[in-house]
């Protein structure tokens, strides 16, 4: 299976981290939806899972979900915050397009992943070093953590927290793992 991790920015002018795991690991920064879609659509939907760090709220309308409250201990941000509303809309539009084309899409939270794995630090460079990866910015690190969470999900080493209003996938193991 191919895993694509996306640390989505609220606006296209801001950097989005992208991590593609398809035998090798590619980590990069992109900006525009067309760049994201071009990379995703280059892979067969039936062989690909997309793990997005963004609230995947039905209709793209920001609201606080049970899962946001339940994962607050890991630092979730309320989707109703001013800057988050754009992210909710953008994520919903991309998710809908991916799912229409047959891709599996899950919502993940890279900060929770890093805390569960015991590698969290406010300095993204320290986390990248602990994971043994090279990244240019925090967005690329978060995209890697998104992809890592997607791998855990595929291996049955993650759980979906939440309800019908929204679910976030987090790892169940507290040990350090890599994508290779």
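Key figures
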| item | result |
| --- | --- |
| Given [x] 15.9; [y] 19.3; [z] 21.7, the label whose value is Kirkwood radius over Cα pairs in Å derived from this model | [x] |
| Inter-label distance, nm, simple model (7 Å from Cα along the C-beta direction), residue 172/residue 101 | 3.2 |
| Percent RCO, i.e. relative contact order, over the range 2-171, from Cα pairs under 8 Å lying at least 6 residues apart | 30 |
| Computed lengthening from residue 34 to residue 125, 0.36 nm per intervening residue step minus Cα-Cα distance | 29.9 nm |
| Stretchable slack from residue 160 to residue 42, in nm (0.36 nm times residue separation minus alpha-carbon distance) | 39.7 nm |
| Net length gained if the chain between residue 24 and residue 73 were fully extended (0.36 nm per residue, minus Cα distance) | 14.3 nm |
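Readers should treat all values here as calculations from the given coordinates under stated rules, not as data from a laboratory. Being a predicted model, the structure only gives us computed values, none of them experimental. Using ideal geometry, Cβ is built from the backbone for each residue, glycine included, and neighbour counts are taken over all protein chains shown.
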